[in-house]
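Chemist: Take this structure, written in structure tokens, and hold onto it; I'll ask about it next.
The values are calculated or read from the model by the stated rules, or taken from the named source; none is laboratory data. Computed from a predicted structure; not experimentally measured. No Cβ is skipped: glycine too gets one built from the backbone with ideal geometry, and neighbour counts run over all protein chains shown.
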Amino acid sequence: MAEKFSIGLLSSGGDAPGMNAAIRAVVRTALTNNMEVIGVQHGYEGLVNGEFRPMGARDVGGILQRGGTVLLTSRSKRFMEPAGQRDAIRKMNEAGMDALIVIGGEGSMNGAYALSKQGVKVIGIPGSIDNDIWGTNIAIGTDTAMNTIMEAVDKLRDTASSHQRAFLVETMGRHSGYLAVMAGIVCGAEMVLIPEVPTTAEEVVAAVEDAYKRGKTHAIIINAEGSALRTTDIAAKIDEMDVGFKTRMTILGHIQRGGSPTAYDRLLASRMGVKAVEALVEGKHGVMTGLKGKGVDFIPLADVVSNKRKVNMEYYHMAKVLAR
Ligand code: F6P
């Protein structure tokens with residue numbers, strides 16, 4: 001009897017809410033198609049080390065609503081080197097893996113492409129709160145993170161307006177202003193600072209002073225982690241210039257990465273998990289699942305890694321207009 005087609009499954013890089021829903025979908029779709037799944041713990045690091053465990057339908061029970069990733073994750077330096085990739089392929093072969101599904105962000109898709117170029121059948125599933133992966137409208141986890149930010153800023157606004165304060169709120173996004181721009185719109189921020197648009201502290205001070213003069217009861221400034229300005233420095237500058245509002249600041253940090261995935265993220269993750277296995281059933285590989293319009297499509301990993309996703313400047317300008 002022929003051996004079952006065996007799929008390795010890992011999550012890598014920063015965890016994102018909804019990764020568990022994708023894991024569940026991959027395992028159950030694979031089993032339905034008479035394939036087996038080997039879970040790889042700790043991302044690519046675990047692939048290099050051979051940290052494998054078989055995954056059955058019951059192993060993914062009760063995880064749909066949980067944040068984080070039950071497969072655990074890491075940012076593996078060893079896997080970035082050719083020797084690490086060689087060892088990973090060797091471990092895959094020893095375990096009889098026929099293919100690999102990788103759930104992760106931009107760096108993880110680079111790793112997936114590196115394996116794919118060496119003959120491994122790989123499918124990527126985009127998962128990152130930063131939404132900085134080219135080829136998909138939105139990645140798994142971004143919606144949940146947006147909702148976490150929105151909830152936090154709504155609370156901060158209550159206290160900000162009660163005290164007539166300017167609040168600096170730092171969102172995640174090392175290289176991408178996506179979360180900050182979208183937060184600017186959905187939270188009604190006075191100003192958004194992102195890596196893609198260099199802004200000076202003087203410009204921020206002027207905007208906050210202007211908001212005060214226009215009779216605003218508070219000012220919310222969203223600063224993306226990767227912008228040119230440090231949140232502490234902006235707050236100090238506004239206080240120093242005495243513009244009307246006193247400042248307080250909140251760095252949201254890893255709160256944005258945790259929590260139960262929203263309905264949107266659970267659905268997206270489930271759809272992408274199913275599609276990833278379907279790709280293998282159809283003999284496709286070297287692709288990432290990507291949301292295009294209303295459907296989930298297959299995008300070549302070569303295109304994913306050779307393009308940079310840019311912040312949509314229309315949204316940046318919209319945030320500005322709506323801050324009047
Ligand atoms: O890529 C996701 C992300 O949360 C970024 O927004 C952030 O800069 C980074 O990960 C933080 O990484 P770590 O959890 O390794 O500190």
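Chemist: Going through GLY253, GLY286, GLY295, GLY258 one at a time, which residue ends up being at pLDDT 95 or above, buried (at least 19 other Cβ atoms within 10 Å of the Cβ) and not basic (Lys, Arg)?
Modeler: GLY286
Chemist: I'd like to verify a number: residues in the stretch 54-87 that are in a helix (DSSP H, G or I) and either crowded, with 21+ Cβ neighbours inside 10 Å or in contact (Cβ under 8 Å) with a residue 60 or more places away in the chain (or both), how many?
Modeler: Final tally of qualifying residues: 3.
Chemist: Condition test on ARG257, is it within 30 Å of VAL120 (Cβ to Cβ), out of contact with any strand residue (DSSP E or B) (no Cβ under 9 Å at 6 or more places or on another chain) and within 16 Å of the ligand (Cβ to nearest atom)?
Modeler: Yes; evaluated as a whole, the condition is true for this residue.
Chemist: Of all residues in the stretch 17-53, how many are surrounded by 24 or more Cβ atoms within 10 Å (Cβ to Cβ), in contact (Cβ under 8 Å) with a residue 60 or more places away in the chain, more than 13 Å from VAL70 (Cβ to Cβ) and among the hydrophobic types (A, V, I, L, M, F, W, C)?
Modeler: Qualifying residue count, the stretch 17-53: 1.
Chemist: Can you tell me which residue among THR144, THR159, THR148 is assigned to a helix (DSSP H, G or I), β-branched (Val, Ile, Thr), away from the ligand (no atom under 16 Å from the Cβ) and over 21 Å from GLU45 (Cα atoms)?
Modeler: THR159
Chemist: With respect to VAL120, determine if the residue is in contact with a strand residue (DSSP E or B) (Cβ under 9 Å, 6 or more places away or on another chain) and assigned to a loop (DSSP other than H, G, I, E, B).
Modeler: So VAL120 fits the description; yes.
Residue-by-condition table, conditions (1) within 16 Å of the ligand (Cβ to nearest atom); (2) charged (D, E, K, R); (3) touching a Ser or Thr at 6+ places or on another chain (Cβ under 6 Å); (4) within 25 Å of GLU278 (Cα to Cα):
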{"position": "GLY61", "(1), (2), (3), (4)": "no, no, no, yes"}
{"position": "ILE103", "(1), (2), (3), (4)": "yes, no, yes, yes"}
{"position": "VAL120", "(1), (2), (3), (4)": "no, no, no, yes"}
{"position": "ASP130", "(1), (2), (3), (4)": "yes, yes, yes, no"}
{"position": "ILE133", "(1), (2), (3), (4)": "yes, no, no, yes"}
{"position": "ASN137", "(1), (2), (3), (4)": "no, no, no, yes"}
{"position": "ILE140", "(1), (2), (3), (4)": "yes, no, no, yes"}
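Chemist: I've got another one for you. Exactly one condition in (1) within 16 Å of the ligand (Cβ to nearest atom); (2) acidic (Asp, Glu); (3) in contact with a Lys or Arg (Cβ under 9 Å, 6 or more places away or on another chain) is false for ASP265; which is it?
Modeler: ASP265 satisfies all of (1) within 16 Å of the ligand (Cβ to nearest atom); (2) acidic (Asp, Glu); (3) in contact with a Lys or Arg (Cβ under 9 Å, 6 or more places away or on another chain) except (3).
Chemist: Kindly list, by first and then second residue, each pair from a residue in the stretch 226-242 that is free of Cβ contacts under 8 Å to residues at least 24 places away in the same chain and under 19 Å from ASP210 (Cα atoms) to a residue that is surrounded by 14 or more Cβ atoms within 10 Å (Cβ to Cβ) and not small (Gly, Ala, Ser), limited to pairs with Cβ atoms under 7 Å and residues at least 6 apart or on different chains.
Modeler: Between residues of the stretch 226-242 that are free of Cβ contacts under 8 Å to residues at least 24 places away in the same chain and under 19 Å from ASP210 (Cα atoms) and residues that are surrounded by 14 or more Cβ atoms within 10 Å (Cβ to Cβ) and not small (Gly, Ala, Ser), the close pairs are ASP239/THR247.
Chemist: Going by the conditions given, is GLU94 more than 27 Å from ALA25 (Cα to Cα), more than 13 Å from the ligand (Cβ to nearest atom) and either among the charged types (D, E, K, R) or in a loop (DSSP other than H, G, I, E, B) (or both)?
Modeler: So GLU94 fails the test.
Chemist: How many residues are surrounded by fewer than 20 Cβ atoms within 10 Å (Cβ to Cβ) and either within 18 Å of MET249 (Cα to Cα) or within 16 Å of the ligand (Cβ to nearest atom) (or both) when one looks only at the stretch 182-198?
Modeler: 3
Chemist: Now for a different question. Looking at the stretch 162-210, which of its residues are hydroxyl-bearing (Ser, Thr, Tyr), in contact with a strand residue (DSSP E or B) (Cβ under 7 Å, 6 or more places away or on another chain) and assigned to a loop (DSSP other than H, G, I, E, B)?
Modeler: Passing the criteria: only THR199.
Chemist: Can you confirm whether LEU179 is at pLDDT 95 or above, crowded, with 24+ Cβ neighbours inside 10 Å and in contact with an Asp or Glu (Cβ under 8 Å, 6 or more places away or on another chain)?
Modeler: Yes.
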